[in-house]
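I have placed the structure first, in the form of structure tokens, so that the comments after it can refer back to it.
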Amino acid sequence: CYMNSALQCLNSIPALIEWARTRRHSSTPRTVVDAYASVVQSMWSGERETVVPKELKRSVSLLFPLFFDGGQKDAHEFMNSFLNALCNSDSSSNLADLFHIHMQSKTTSNPCEHTEVADEITTFLSLPVPELSPNDDTSTSLQDLVREFFREDVSEGGYYCQTCQEY
């Protein structure tokens, strides 16, 4: 169930599907890339009504033993593990460009105005979703959530500046 929902989400990314459909793979998948390409090609061939991604689950489980059993797992956790395995297995492709988010955070100290910059690469943004009451008819767009994520925050004394040597 968790793996199916992740694969269905990935199945809606045209560049990823095109990459997987044009990959050559052996009849016995040996890597996560081979297993995923095989699943996508089977799904898009129209030859079968259902596709059971056993080899893909096995390949991912070899890298991430958490997924070995048939127990309930988190789709987000699977997606994160799977995308990392996929991107790390095929460095010759542009898969990382599809899924990696390059972020930069800046911390500016007052009063000296010294700025520290930190670069980060991530695969997912944890967006703050507001809690709504059942009678609330307000809507929140994805754009609103992203804007809120990147909103400037003011720290109340928790940052120590190396330049002015003050909090």
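Taking the criterion of being under 25 Å from the mean Cα position of the chain (by Cα), open to solvent by less than 100 Å² (accessible area, probe 1.4 Å) and either over 24 Å from Asn80 (Cβ atoms) or in contact (Cβ under 8 Å) with a residue 24 or more places away in the chain (or both), the only residue of the range 147-167 that qualifies is Phe149.
For the range 48-78, a residue qualifies if it is closer than 13 Å to Leu7 by Cβ, in a loop (DSSP other than H, G, I, E, B) and open to solvent by less than 80 Å² (accessible area, probe 1.4 Å), and the qualifying residues are Val51, Pro53. When Ala85, Ala15, Ala20, Ala37 are checked against the criterion of being open to solvent by less than 50 Å² (accessible area, probe 1.4 Å) and in contact (Cβ under 8 Å) with a residue 24 or more places away in the chain, a single residue qualifies: Ala85. Restricting attention to the range 127-146, the residues that are free of Cβ contacts under 8 Å to residues at least 12 places away in the same chain and either under 25 Å from Asn88 (Cβ atoms) or surrounded by 10 or more Cβ atoms within 10 Å (Cβ to Cβ) (or both) total 4.
Being within 17 Å of Val32 (Cβ to Cβ), part of a loop (DSSP other than H, G, I, E, B), out of contact with any strand residue (DSSP E or B) (no Cβ under 9 Å at 6 or more places or on another chain) and hydroxyl-bearing (Ser, Thr, Tyr) is the requirement here; does Ser126 meet it? So Ser126 does not fit the description; no.
Only one entry in Val129, Val146, Val117 is modelled with pLDDT under 85 and β-branched (Val, Ile, Thr), namely Val129.
The values are calculated or read from the model by the stated rules, or taken from the named source; none is laboratory data. All of these numbers come straight from a predicted model, not from anything done at the bench. Note: ideal-geometry Cβ built from the backbone for every residue, glycine included; neighbour counts use all protein chains shown. These area figures cover heavy atoms from the full protein model, side chains too; ligands, DNA and RNA do not enter into them. Shrake-Rupley method; radii C 1.70, N 1.55, O 1.52, S 1.80 Å.
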